[in-house]
Protein chains: 2
Amino acid sequence: MSNLGEMGEFGFIQYIRDRVNTPESVIKGIGDDCAVLRVGEQQLLISCDISTQDVHFRRGWPTHAIGYKAAAAALSDIAAMGGHAQWMLVSVSVPPVLEPEFLEEVMEGIQDAAGSAGAAIVGGDTTRSRTTLMFDIIVLGLPHQGRCLYRNGARPGDVLAVTGFPGVAAAGLHAVEHGQKAGTLIDRLWYPVPRLEEGRWLTERTAVHAMIDVSDGVVQDAGHIGEESGVGIALQSALIPVDDIMHRYADAAGQNPTTWSLSGGEDFELLVAIEEASFAGIQQEFQARFHLPLTRIGECTGEAGALTVDGAPPVSTGFDHFRDES
Amino acid sequence: MSNLGEMGEFGFIQYIRDRVNTPESVIKGIGDDCAVLRVGEQQLLISCDISTQDVHFRRGWPTHAIGYKAAAAALSDIAAMGGHAQWMLVSVSVPPVLEPEFLEEVMEGIQDAAGSAGAAIVGGDTTRSRTTLMFDIIVLGLPHQGRCLYRNGARPGDVLAVTGFPGVAAAGLHAVEHGQKAGTLIDRLWYPVPRLEEGRWLTERTAVHAMIDVSDGVVQDAGHIGEESGVGIALQSALIPVDDIMHRYADAAGQNPTTWSLSGGEDFELLVAIEEASFAGIQQEFQARFHLPLTRIGECTGEAGALTVDGAPPVSTGFDHFRDES
């Protein structure tokens with residue numbers, strides 16, 4: 001291979017994964033939303049999430065939102081395990097020519113996201129960069145009632161279901177990139193909601209077998225569940241719920257909303273594999289409890305490795321950091 | 001203030017520190033080498049350390065060394081608490097045009113440093129950047145025999161002592177920047193040794209009151225002990241041990257080696273405050289055990305906030321990420 005673009009982000013992650021040792025203190029290493037570590041009698045969840053200028057955000061976005069979004073993305077990894085967010089560290093790499101007010105507002109955004117998730121900022125690192133702003137947000141958490149939901153628990157026959165309306169953040173990005181300054185979709189891009197409570201609630205139900213957050217797009221993240229669980233994934237695009245406002249925006253902008261629903265990332269909705277027999281009951285209870293849809297969008301099959309949308313291999317699976325332009 | 005350079009890296013850290021809440025689960029938050037968290041019955045150490053191209057390393061350096069140095073710097077934060085390094089996460093931000101071999105060699109360097117410290121790589125994040133390479137290394141550890149050494153335990157009358165020969169990495173950087181390709185000094189820059197065993201040994205002695213690793217230079221890091229402990233710091237430059245090879249290199253290069261000893265960072269030696277009455281015994285035992293000098297370089301005074309070198313305020317304290325050019 002001549003460059004990382006050809007290897008791909010996930011090729012690189014697999015390369016690392018094949019080469020690391022996993023001692024007994026590591027309950028879950030590389031390959032899930034969080035690592036799960038044994039600390040005394042406790043299990044500890046930890047994840048880190050980079051936000052880079054011109055990849056995850058633009059300098060022209062509201063400063064507070066830049067921080068909020070970066071922190072919410074990291075917190076969503078704890079949500080995807082069904083955990084409680086506890087602590088956060090913040091690494092920043094910034095050009096010294098910036099005004100202090102800029103960094104202060106970013107930090108306020110980070111603190112607001114951390115605060116609403118119940119996490120305390122306990123440390124970090126600060127370095128200079130030449131031109132590019134970069135944040136690495138590290139979150140630590142604890143499991144809920146001793147159980148974590150991994151990507152690898154799905155079984156053939158399980159229903160694949162998603163919370164909320166995936167794709168709205170991608171629609172919001174389209175709106176921002178096309179000159180809109182505010183609105184519901186843009187709000188969902190700038191102020192995503194990590195589904196922490198929903199994740200914990202789902203973890204309480206043994207019929208929920210696997211969970212991941214939608215950070216790279218429904219198709220790609222469903223694919224991760226398939227790979228880790230050794231099951232096939234059959235998605236039906238017509239089932240994916242389309243947000244009303246997104247639908248209207250897509251019509252006006254001449255876009256296909258299903259593309260956003262299938263491969264738009266950074267919504268941080270939860271994607272779960274649930275036992276068929278228990279799905280209807282869990283769905284009803286979930287919607288009553290959270291006033292948020294939990295929608296069947298496909299199923300897990302016995303054909304390990306297969307990933308289909310409407311019966312055919314997907315055209316595009318979602319975002320790859322080494323392959324795609326943002 | 002018009003820019004972050006005027007605020008300074010430490011001004012910014014203080015700004016954040018004044019604004020965060022510290023719940024009961026946080027034994028030590030912002031302001032030490034690691035955060036110390038209460039996880040069940042255990043204490044957990046965590047720190048993160050960014051390495052940025054053209055600040056912490058150059059693209060022309062050996063690829064393996066770029067990774068090794070980044071990881072060693074992070075591991076040194078565990079050493080500075082007297083802890084055991086256990087786990088590591090690696091965030092990388094890289095231009096996709098790089099060859100996979102480059103990133104693979106960096107990862108090998110990181111793994112070698114982690115392995116020699118007994119730490120397992122358990123996760124991370126991977127994103128694209130436009131041009132700049134950046135690594136954020138997150139290390140987690142456990143205290144040794146239940147005790148951590150903080151920056152804030154020094155008392156007036158304590159001896160300030162340093163392990164090894166601070167300044168050699170700065171001398172190595174000078175050599176590299178002036179065209180040298182290899183040698184002992186350059187080795188100390190590229191392959192620094194986190195003083196993990198030494199840190200744990202020091203933690204076992206109650207007469208050792210405070211500890212920090214030398215990452216920003218002896219003067220600046222001694223200053224951190226002073227600030228956190230509420231004591232004065234009086235350093236004597238003539239006492240700082242000068243490595244023979246560094247001395248000869250400085251003579252040949254027309255440089256003053258004391259400048260490197262006082263303000264050269266990234267040696268990752270340990271700086272400790274030790275009870276005067278116990279110092280001689282600890283020094284003797286330490287040197288016999290580790291074949292490494294532990295040298296008195298000054299003392300803690302009752303004059304809180306005062307920082308002097310040879311009786312006068314220091315000309316330069318060391319590196320500030322927002323103020324200095326590398």
Original post:
Residues of segment B:104-124 being facing chain A (nearest Cβ under 7 Å) and either closer than 30 Å to B:Gly223 by Cα or open to solvent by less than 30 Å² (accessible area, probe 1.4 Å) (or both), which ones?
Top reply: B:Met107, B:Ala120, B:Ile121, B:Val122, B:Gly123
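Mind checking which residues of segment B:191-216 are acidic (Asp, Glu) and either crowded, with 24+ Cβ neighbours inside 10 Å or under 25 Å from B:Gln284 (Cβ atoms) (or both)? If you could, list the steps in order and put the result at the bottom.
Of the residues in segment B:191-216, the ones acidic (Asp, Glu) are B:197-198, B:204, B:213, B:216.
Passing the criteria: B:Glu197, B:Glu198, B:Glu204, B:Asp213.
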Original post:
In segment B:130-140, which residues are open to solvent by less than 10 Å² (accessible area, probe 1.4 Å) and part of a loop (DSSP other than H, G, I, E, B)?
Top reply: B:Leu133
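Of all the residues that make up segment B:125-139, how many are more than 7 Å from chain A (Cβ to nearest Cβ) and modelled with pLDDT of 95 or more? Give the steps one after another, and end with the answer.
Step one: list which residues in segment B:125-139 are more than 7 Å from chain A (Cβ to nearest Cβ), which gives B:131, B:133, B:135, B:137, B:139.
Now narrow it down to the ones that are modelled with pLDDT of 95 or more: B:137, B:139.
Residues in segment B:125-139 being more than 7 Å from chain A (Cβ to nearest Cβ) and modelled with pLDDT of 95 or more: 2 in total.
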Original post:
What about A:Val97, is it within 21 Å of the chain's Cα centre (by Cα) and open to solvent by 20 Å² or more (accessible area, probe 1.4 Å)?
Top reply: no
Subject >> Within segment A:225-273, considering residues that are touching an Asp or Glu at 6+ places or on another chain (Cβ under 7 Å) and part of a strand (DSSP E or B), the one most open to solvent (accessible area, probe 1.4 Å) >> reply: A:Ala234
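Filter segment B:141-181 for residues that are assigned to a helix (DSSP H, G or I) and touching a Lys or Arg at 6+ places or on another chain (Cβ under 7 Å) and give the result.
Step one: list which residues in segment B:141-181 are assigned to a helix (DSSP H, G or I), which gives B:151-153, B:168-177.
Listed by number, the residues that qualify are B:Val168, B:Ala169, B:Gly172.
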Original post:
Which one of these is at pLDDT below 95 and open to solvent by 50 Å² or more (accessible area, probe 1.4 Å): A:Gly311, A:Gly305?
Top reply: A:Gly305
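Scan segment A:206-217 and give yes if some residue there is over 17 Å from A:Val159 (Cα atoms), part of a helix (DSSP H, G or I) and assigned by TED's automatic domain parsing to the domain that holds A:Ala161, otherwise no. Steps first, please.
First pass over segment A:206-217, keeping only residues over 17 Å from A:Val159 (Cα atoms): A:215-217.
Those left that are additionally part of a helix (DSSP H, G or I): none.
Within segment A:206-217, none of the residues are over 17 Å from A:Val159 (Cα atoms), part of a helix (DSSP H, G or I) and assigned by TED's automatic domain parsing to the domain that holds A:Ala161.
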Original post:
What pairs come up if the first residue lies in segment B:18-31 and is in contact (Cβ under 8 Å) with a residue 12 or more places away in the chain and closer than 18 Å to A:Thr126 by Cβ, the second is among the hydroxyl-bearing types (Ser, Thr, Tyr) and part of a loop (DSSP other than H, G, I, E, B), and their beta carbons are under 6 Å apart, counting only those six or more places apart or on different chains?
Top reply: B:Gly29/B:Thr22
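Output the number of residues of segment A:263-281 satisfying the condition of being at pLDDT 95 or above and either over 22 Å from the mean Cα position of the chain (by Cα) or within 15 Å of A:Gly217 (Cβ to Cβ) (or both).
We begin by selecting, within segment A:263-281, every residue at pLDDT 95 or above; these are A:268-281.
Now drop any that are not either over 22 Å from the mean Cα position of the chain (by Cα) or within 15 Å of A:Gly217 (Cβ to Cβ) (or both), which leaves A:268-271, A:275-281.
Number satisfying all stated conditions: 11.
Can B:Gly82 be described as surrounded by 17 or more Cβ atoms within 10 Å (Cβ to Cβ), assigned by TED's automatic domain parsing to the domain that holds B:Gly115 and at positive phi?
So B:Gly82 passes the test.
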Original post:
Could you list, in sequence order, the residues of segment A:145-190 that are of a type in the set (S, T, N, Q) and open to solvent by less than 50 Å² (accessible area, probe 1.4 Å)?
Top reply: A:Thr163
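Could you tell me whether segment A:3-11 includes any residue that is open to solvent by less than 50 Å² (accessible area, probe 1.4 Å) and of a type in the set (Phe, Trp, Tyr)? Give the derivation first.
Kept after step one, since they are open to solvent by less than 50 Å² (accessible area, probe 1.4 Å), are these residues of segment A:3-11: A:3-5, A:7-9, A:11.
Narrowing the set further to residues that are of a type in the set (Phe, Trp, Tyr) leaves none.
Checking segment A:3-11: not a single residue is open to solvent by less than 50 Å² (accessible area, probe 1.4 Å) and of a type in the set (Phe, Trp, Tyr).
The values are calculated or read from the model by the stated rules, or taken from the named source; none is laboratory data. The model shown is predicted, which means the values in this text are computed figures rather than measured ones. For neighbour counting, all protein chains shown are included, and Cβ atoms are generated from backbone atoms with ideal geometry for every residue, glycine included. Each accessible area value is taken on the protein alone, full model and side chains, heavy atoms only, with ligands, DNA and RNA left out. Shrake-Rupley method; radii C 1.70, N 1.55, O 1.52, S 1.80 Å.
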